[in-house]
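So the structure is just underneath, and the comments pick up after that.
The values are calculated or read from the model by the stated rules, or taken from the named source; none is laboratory data. This one's a predicted model, so the numbers in the text were calculated from it and none came from an experiment. All Cβ positions, glycine included, derive from the backbone under ideal geometry; neighbour counts span all protein chains shown. Note: areas computed on protein heavy atoms with side chains; ligands, DNA, RNA excluded. Shrake-Rupley method; radii C 1.70, N 1.55, O 1.52, S 1.80 Å.
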Amino acid sequence: MSVFLEIIIRTFTAFIILWIFVHILGKRTIFQKTYHLFIATITMGTIAGNLTFNYKIKFLYFILSFVIMGSVIFTLNILSVKSQRFRKRIAGKPVTLIQEGKILEVSLQKTGFSIDMLKQALRGKDIFNMDEVDWAILEVNGSLSVLKKAEYQNITRKDVNLNPPSYKVPVELIMDGAILSDNLSNSTYNEEWLNK
């Protein structure tokens, strides 16, 4: 078999295996970057890249490494879902950076966060004044969750005793010039729309 043909076959195989890997492990692999999923993503990408271009290593070795790595990640996912004790060890746990308005410098040092990084993350949450923050928690996936002090929180309709009707999720009725019959039959507005 020519090298070019082998590279083409390996490239398609790598793509299909990665696609299967993501589908088996679910959207969590893409959405939630915990420690083990971050490592898994890098490792599987590296294996796929090597499978594609390193034609000197046997094809079956790459498949074996995919299966082994996929099995390890799948097992870790199951353990992290089923056991709280393992979940903390496998995925880590959230770290409080600001508690009751006070910056916890020990937590910042532990996580490798500087004050500047904290300010930047807060600006990403539309908070430009740190005095507005009551709690800030660095989540396992690297995002920052923030609770503002009560005086800085937005007023909701409930706060002013307004009870609006619940909203419905919009549904596409026409896409690319074609009527979507399934969406139309499931829509609560279908009679109104048809009568127009």
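The accessible area of M117, taken with all protein chains in place and a 1.4 Å probe, comes to roughly 80 Å².
Largest GNM mean-square fluctuation among N50, N141, N154, using the chain with Cα springs under 10 Å: N154.
At a probe radius of 1.4 angstrom, the accessible area of the chain per residue rounds to 74 square angstrom.
Of L138, M117, I57, which is farthest along the charge dipole of region 55-146 in the positive direction, counting Lys and Arg as +1 and Asp and Glu as -1 at C-beta? Going by the charge dipole, the pick is I57. Dipole magnitude for the chain: computed about the Cα centre from +1 point charges on Lys and Arg Cβ and -1 point charges on Asp and Glu Cβ, it is near 960 debye.
Using the C-alpha atoms of the chain, what convex hull volume per residue, in cubic angstrom, is computed? Walk me through the intermediate numbers first.
Details: hull volume 49.7 nm³, N = 196.
Spread over its residues, the Cα hull of the chain gives 254 Å³ apiece.
Using per-residue counts of other Cβ atoms within 10 Å, averaged over each peptide, order 162-172, 11-21 from highest down.
On the way: 162-172: 7.5, 11-21: 15.1.
Ranking the peptides 162-172, 11-21 by packing returns 11-21, 162-172.
Comparing N77, N129, N161 in a Gaussian network model of the chain (Cα springs below 10 Å), the most mobile by mean-square fluctuation is N161. Shown are R10, R89, whose ranking by accessible area with a 1.4 Å probe and every protein chain present, most to least, is R89, R10. Given in Å, the Rg to one decimal and the Dmax to the nearest whole number for the Cα atoms of region 54-102 are 18.4, 59.
Beta bridges from DSSP with both residues in region 84-172: antiparallel share about 100 percent, rounded to the nearest 5.
One quarter of the surface of the convex hull around the alpha-carbon atoms of region 111-159 equals 4.1 nm², the direction-averaged projected area.
Highest GNM mean-square fluctuation among L173, L118, L51, for the chain modelled with Cα contacts below 10 Å: L173.
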